[in-house]
Amino acid sequence: MKMLINAESWDLEPWAALVRKARPEADVVTTTDANSLADVRYAMVWKPEPGLLGRCPRLEVIFNLGAGVDAILKDVTIPQRIPLVRIADPNMTMRMTEWVVLQALFHHRRMLAYQGQQRAKVWHDIPGQPAAEHVTVGVMGLGILGRDALRGIGALGFQRVGWSRTAKEVDGVRCFHGEAGLGAFLAETDILVCLLPLTPETKGVLDAGLLRKLKRNGPLGGPILLNAGRGGEQVEADILAALEDGTLVGASLDVFEAEPLASSSPLWSHPKVVVTPHNAADSEPQALTAYVLGQIDRHERGLPLENVVDRGRGY
Ligand code: NDP
Ligand code: OXD
């Protein structure tokens, strides 16, 4: 089998070495001239250069080395007939759950304030710490990542609500769906977690109008926003304004409208904001290579590929 590996700004050699080690018979290429691409059957890619995949005449399956496919779907030259498989792997899922639990607890336990007190050498127990059972975490996106994050959050005793496009049932979680369910979902939410894919429908969804619908009289003094979905889902000017006027009391953002986040962005030094560099759920080469090779194995045994993206839906 011949495999192409291509990823914007990544060192490709460790990935190629992993594939060659697991499949010594594999012909792995990272070069993109016509000769190299002629017999490529599988492509393992992350934000590949536009037009590249359309130049592989014998391509059978594309493996997107991430869960989100918004970047690759921008390339309209990729033939529709080629299945696009995304990552859905326990290693990545667990990392995201860690990020959500960490950030939720960070705000719940008022760590921004305690860090400020520590710097000022102030010994003060801020009164009114609510128990987790009195705080509701609401997750937008009840997919692989959203459901596992809710599992992790549930283990700590928080109340849980979730919102998705279509109706869902998740044990212990009050589920809402669609435009009609959004208002009621937000009205119950103290800590809002966005784990939505970026699509035309979700672009800019985290705006002033939505933030104003979050629960106003909750035990944390106001709502908190955690976004590890995509930066295109948030309106950063609205988030900053909401933090100023008290519509939000804190935020943790892993993704941004433009990445890397510009040094001029006020988010970097905002006292109520935690910034992480789009690494909530990093891609670990060993785990993701094993996932891709497992899928190729299924494909070659005539079994259906898993986690094939619905391009019409956009995720
Ligand atoms: P899934 O495809 O498994 O789940 C997506 C969920 O979003 C589904 O529940 C879906 O609803 C819901 N959804 C999609 N569109 C809408 C909409 N218009 N309204 C309401 N709900 C909607 O995705 P994953 O859980 O695997 O990943 C989610 C996203 O997380 C990725 O697309 C990516 O952007 C981001 N991500 C970020 C990472 C990081 O490091 N920051 C790492 C990995 C992923 P339904 O179930 O009804 O279809
Ligand atoms: C992903 C990401 O989509 O890392 O996997 O953002």
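Each value in this text was obtained by applying a stated rule to the coordinates, not by laboratory testing. As the structure is a prediction and not an experimental result, all values here were calculated from the model. Neighbour counts are summed over all protein chains in view; Cβ atoms, including those assigned to glycine, are modelled from backbone coordinates with ideal geometry.
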Added length on full extension, which subtracts the Cα-Cα distance from 0.36 nm per residue, Arg301 to Glu25:
97.7 nm
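Only loop residues by DSSP count here, and only those with at most 11 other Cβ atoms within 10 Å; note down the chymotrypsin sites (Phe, Trp or Tyr not before Pro) in the range 52-155 that meet that. Write down the numbers at each step before the final one.
Numbers: sites: Phe63, Trp99, Phe106, Tyr114, Trp123; in loops: Trp123.
Filter output for the range 52-155: Trp123.
Provide the packing ranking of 115-122, 226-233, i.e. peptides ordered by the mean count of other C-beta atoms within 10 Å per residue, highest first. Provide the component values of the computation, followed by the final result.
Numbers: 115-122: 10.2, 226-233: 23.1.
Result, highest mean Cβ count within 10 Å first: 226-233, 115-122.
Quick one: in the range 226-286, what % of C-alpha pairs are over 17 Å apart?
Values: 660 of 1830 pairs.
For the range 226-286, the share of Cα pairs beyond 17 Å comes to 36 percent.
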Suppose each label sits 7 Å from its Cα in the direction of the beta carbon; what would the Ala180-Arg81 distance come out to in nanometres?
4.1
Per principal axis, descending, Cα span of the range 163-268 in whole Å
42, 31, 22
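Thinking of the range 142-188 as a set of Cα atoms, what percent of all their pairs are more than 14 Å apart? Don't skip to the end; give the middle numbers.
Numbers: 489 of 1081 pairs.
Within the range 142-188, distances greater than 14 Å cover 45 percent of Cα pairs.
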Under a crude label model (7 Å from the Cα following the beta-carbon direction), how far is Lys74 from Ser263 in nanometres?
2.4
Picking from Val85, Val255, Val170, which is most flexible by a Gaussian network model of the chain using Cα springs under 10 Å?
Val170
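Tell me which DSSP H helices of the chain clear both cut-offs, 24 Å or more of axial length from alpha-carbon atoms and a mean Kyte-Doolittle hydropathy of at least -1.0. Could the numbers behind the result be given before it?
On the way: long enough: 90-108 (26 Å, 0.05).
Those that clear 24 Å and a mean of -1.0 are 90-108.
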Taking the inverse of the average 1/r across all pairs of different Cα atoms in the chain, what Kirkwood radius in Å do you get?
21.0
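Over the Cα atoms of the range 37-110, what is the Rg over Rh ratio if Rh follows Kirkwood? Before the final figure, lay out the partial values.
On the way: Rg = 16.9 Å, Rh = 14.2 Å.
In the range 37-110, Rg relative to Rh is 1.19.
Could you give the C-alpha radius of gyration of the range 1-126 expressed as a fraction of 2.2 N^0.38 Å, taking N as the number of residues it contains?
Values: Rg = 21.4 Å, N = 126, 2.2 N^0.38 = 13.8 Å.
In units of the globular-protein estimate, the range 1-126 measures up at 1.55.
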Farthest toward the dipole's positive end in the chain, which of Ile224, Gly152, Ala132, given Cβ charges of +1 (Lys, Arg) and -1 (Asp, Glu) about the Cα centre?
Ala132
The chain - share of DSSP beta bridges that are antiparallel (%, nearest 5):
5
Please give me, ordered by residue number, the trypsin sites (Lys or Arg not before Pro) of the range 245-315 that lie in loop per DSSP and have at most 11 other Cβ atoms within 10 Å.
Arg301, Arg313
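Kindly identify the range 248-315 as rounded, prolate or oblate by the Cα gyration tensor criterion: order the square roots of the eigenvalues as a ≥ b ≥ c, call it rounded if a/c is under 1.5, otherwise compare a/b with b/c, prolate if a/b is larger, else oblate. Don't jump to the answer; show the numbers that get you there.
On the way: a/c = 3.69, a/b = 2.59, b/c = 1.42.
It is prolate, given that a/c is not under 1.5 and a/b is the larger ratio.
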Cα-centred dipole magnitude for the chain, charges only on beta-carbon of K, R (+1) and D, E (-1), debye, nearest 20:
460
Quick check on packing: order 195-203, 177-185 by the mean number of other C-beta atoms within 10 Å, highest mean leading.
195-203, 177-185
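Hey, got the dipole for the range 118-160? About the Cα centre, +1 on K and R Cβ, -1 on D and E Cβ, debye to the nearest 20? Please report the intermediate quantities before stating the final value.
Working: 5 positive and 3 negative charges, 31 e Å.
It comes to approximately 140 debye.
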Sort largest first and round to whole Å: the equivalent ellipsoid semi-axes of the range 133-223, each the square root of five times a Cα gyration tensor eigenvalue.
18, 17, 11
Could you state the number of Å between the C-alpha centres of the range 21-73 and the range 282-315?
13
